[in-house]
Amino acid sequence: MYKKRIVDDYLNKITKVFNAVNIIGPKGCGKTTTAKERCKTIIEFQDEEKRENYILISNLSPSQFLQNAKPILFDEWQDAPKIWGTIRKDCDDHPYDVGSYYLTGSSSKIVNTSHTGTLRIATIRMNPLSLFESGESNGQISLKDLFDNPNKEISCHSSMSFLDIINSICIGGWPKSLSIPSNELKLLVAKELYKQTYSVDIANINNKAKNSNIARAIMQSYARNICTTADTTTIFQDVQANYDISKSTFYEYIRALEDLCIIEDLNAWCPAIRSKSSIRSGKKRNFVDPSIAVAALGLSPDYFKNDFKTLGFLFESLCIRDLKIYSQTSNGTISYYRDRYDLEVDCVLHLEDGRYALIEFKLGDFEIDKAAKHLCMVESLINEHNSKEKGGKIRLPDLKIIITGTSYGYRREDGVLVIPIGCLKD
């Protein structure tokens, strides 16, 4: 039975406007499964029994495919690149036939098309499963409802234990793991994805030879620096210590991992509440799913029972993954704030309508007071800035949130919301 995804709501909007949609995302996140659920005709170019005929048709007369019942899914469409142009022309010829075509394919292959498909073929990003989608979060608190009712009192309790959080981080949000009976076996999914990325996919994406050892070293360095603002020079030097690699080649590997939807760095939020030189604007390093970092580090869930510092960074990555998913329908964007006075906010979540939340991530309860102080200090700096400025005022945060690993959710006297990650949903 198909498990409904949060991205389905976004797809419902997109397919009321555009004729075709191209779903991109990391391998194994469920792109094809979601598209199949929505289509009447499915053309799979990697179906070995039909592949030869499909490729022949796509080369000689690809428009024949469009005569099938719609919506039509073209899976692994990159194997038949003429499909893109054929769909694009059909969109021009039949502009009101919205929601007619879906394209999915491997993120490990980039095809240069003669036309971009702008305003005809919409491209949307799909992520791994959030905790709510995998059934681990009870969904007692809706992110959308928090923004719509920012002063509402909350009360919730997460059923996720500390060990559950560790397992969720290590296993990741890969749909394949849902059908696997034991946590020990589920760990193999992320490990295999990691191995395939550095050994196969990174070379296939642009058909340029890549050294798998260098690719693995870059991913391992990223994992060691996950959710930190380590600059690329640090990662480059880390890799260069063991491998002879130029900077230009190093950046080719980084771009390939970005194109594979494996690494997803966060930009800094730079409001004018401090002097320009005070704000740190480097990127925060991150993977699309924390399980990739765990696999790259070669660690097991048992390891994290004694290393809470590393676990804290991975927990932040888990929360960022889920917030991206929960805010997708509102075109949410995520950044972070940090200045040279050591004032930081782990996450700034902006919605497309201008509303935003300042968010801290704390695995346990013991640092909640410190996190709340940071959130309130940033709000105070904005107030101070606005009191001095006649124009160019900065909007105050609509929400101040601390997301925790376990325990209860509540509103503090300073207005800060404390919410377990195991209680959140879209």
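The values are calculated or read from the model by the stated rules, or taken from the named source; none is laboratory data. Being a predicted model, the structure only gives us computed values, none of them experimental. Quick reminder, even Gly has a Cβ in these numbers, built from the backbone with ideal geometry, and neighbours come from all protein chains shown. Just the protein is used for accessible areas: all its heavy atoms, side chains included, with ligands, DNA and RNA removed. Shrake-Rupley method; radii C 1.70, N 1.55, O 1.52, S 1.80 Å.
Taking springs between alpha-carbon atoms closer than 10 angstrom, which of Asn213, Asn242, Asn19 fluctuates most in the Gaussian network model of the chain?
Looking only at Asn213, Asn242, Asn19, the largest GNM fluctuation is found for Asn242.
With a 1.4 Å probe and all protein chains left in place, how much of the accessible area of the chain comes from carbon and sulfur atoms, in whole percent?
Percent of accessible area from carbon and sulfur atoms in the chain: 47.
Please report, ordered by residue number, every helix of the chain (full DSSP H runs) that is 15 Å or longer along its axis going by C-alpha atoms and whose mean Kyte-Doolittle hydropathy reaches -0.5.
183-196, 212-224, 308-326, 368-388
Once you measure Cβ to Cβ distances between cysteines in the chain, which Cys have no partner under 4.7 Å?
By the Cβ distance rule, which asks for a partner under 4.7 Å, the isolated cysteines are Cys29, Cys39, Cys91, Cys170, Cys227, Cys261, Cys270, Cys319, Cys347, Cys376.
Between Tyr198, Tyr102, Tyr243, where does the largest GNM mean-square fluctuation fall for the chain, given springs only between Cα atoms within less than 10 Å?
For the chain, modelled as a Gaussian network with Cα springs under 10 Å, the answer is Tyr243.
Starting from 0.36 nm per residue, how many nanometres of slack lie between Asp145 and Ser182 once their C-alpha separation is accounted for?
Taking Asp145 through Ser182 to full extension adds about 9.9 nm, to one decimal.
Rounded to the nearest 5, what % of DSSP beta bridges with both residues in segment 316-421 are antiparallel?
Roughly 50 percent of the beta bridges in segment 316-421 run antiparallel, per DSSP.
Build a GNM of the chain with springs between Cα atoms under 10 Å: which of Arg224, Arg38, Arg395 gets the top mean-square fluctuation?
Of Arg224, Arg38, Arg395, the Gaussian network model singles out Arg395 as fluctuating most.
Counting DSSP beta bridges with both partners in segment 1-116, what percentage is antiparallel, nearest 5?
If I count the DSSP bridges inside segment 1-116, around 0 percent turn out antiparallel.
Using +1 on the beta carbon of Lys and Arg, -1 on that of Asp and Glu, and nothing else charged, what's the dipole of the chain about the Cα centre, debye to 20?
Dipole of the chain, to the nearest 20 debye: 620 debye.
Within segment 313-354, which GluC sites (Glu not before Pro) sit in a loop by DSSP and count at most 13 neighbouring Cβ atoms inside 10 Å?
Sparse-neighbourhood loop GluC sites (Glu not before Pro): Glu352.
I want the antiparallel fraction of DSSP beta bridges within the chain, as a percent rounded to 5.
Beta bridges within the chain, antiparallel portion: roughly 35 percent.
Just one of [x] 37, 26, 23; [y] 55, 35, 18; [z] 35, 24, 19 is semi-axes √(5λ) of the Cα gyration tensor in Å as worked out from the coordinates here. Which one is it?
[x]
Once you order the gyration tensor axes a ≥ b ≥ c over the Cα atoms, which shape class does segment 1-146 get: rounded for a/c under 1.5, otherwise prolate or oblate by comparing a/b with b/c?
prolate
Can you list the residues, at least 5 places off or on another chain, whose amide H is less than 5 Å from the amide H of Gly25, using H built in the peptide plane?
Met126
Answer with one residue from Val288, Asn306, Ser330: the one whose Cα lies farthest towards the positive end of the charge dipole of the chain, charges on Cβ with Lys, Arg +1 and Asp, Glu -1.
Farthest towards the positive end: Ser330.
Report, in debye and to the nearest 20, how large the dipole of segment 118-250 comes out about its Cα centre when Lys and Arg carry +1 and Asp and Glu carry -1 on their Cβ.
That gives a dipole near 560 debye.
To the nearest 0.05, how large is the calculated FRET efficiency for Met377 and Thr333 if R₀ is 22 Å and r is the Cβ-Cβ distance?
Given R0 = 22 Å and the Cβ-Cβ separation, E is 0.45.
Considering the options Gln196, Ala268, Met377, tell which one lies farthest towards the positive end of the dipole of the chain, charges being +1 on Lys and Arg and -1 on Asp and Glu at the Cβ, about the Cα centre.
Result: Ala268.
Any idea how many Lys pairs in segment 272-426 come in under 21 angstrom at the alpha carbon, given 8 or more places apart or on separate chains?
25
Counting Lys and Arg as +1 and Asp and Glu as -1, each charge on the Cβ, what is the dipole of segment 302-426 about the Cα centre in debye, to the nearest 20?
In total the dipole reaches around 220 debye.
Could you work out the helix-only [θ] at 222 nm for the chain, with each DSSP H run of four or more residues adding -39,500 (n - 2.57) and the total divided by the number of residues, to the nearest 500 deg cm²/dmol?
-11000 deg cm²/dmol
Need the full-extension length gain, Asp342 to Met1, defined as separation in residues times 0.36 nm minus the C-alpha distance. One decimal, nm.
117.9 nm
Indicate the gyration tensor shape class of segment 55-211 (rounded, prolate or oblate), computed on the Cα atoms with a ≥ b ≥ c the square roots of the eigenvalues: a/c under 1.5 is rounded; otherwise a/b larger than b/c is prolate and the rest oblate.
oblate
Within straight cross-link reach of Lys89, meaning Cα distance under 29 Å, which lysines are found once same-chain residues fewer than 8 apart are removed?
List returned: Lys13, Lys16, Lys27, Lys31, Lys36, Lys40, Lys50, Lys70, Lys109.
Once you have a ≥ b ≥ c as the square roots of the Cα gyration tensor eigenvalues for segment 177-297, tell me rounded if a/c is under 1.5, and otherwise prolate or oblate according to whether a/b is larger than b/c.
It comes out oblate by the Cα gyration axes.
How many Å² of accessible area per residue for the chain, probe 1.4 Å?
46
Just name one of Ser278, Ile165, Ile83: the one whose Cα is farthest towards the positive end of the charge dipole of the chain (beta-carbon charges, Lys/Arg +1, Asp/Glu -1).
Ser278
Efficiency by 1/(1 + (r/R0)^6): what FRET value for Phe366 and Ser161, r their Cβ-Cβ distance, R0 = 22 Å, to the nearest 0.05?
0.80
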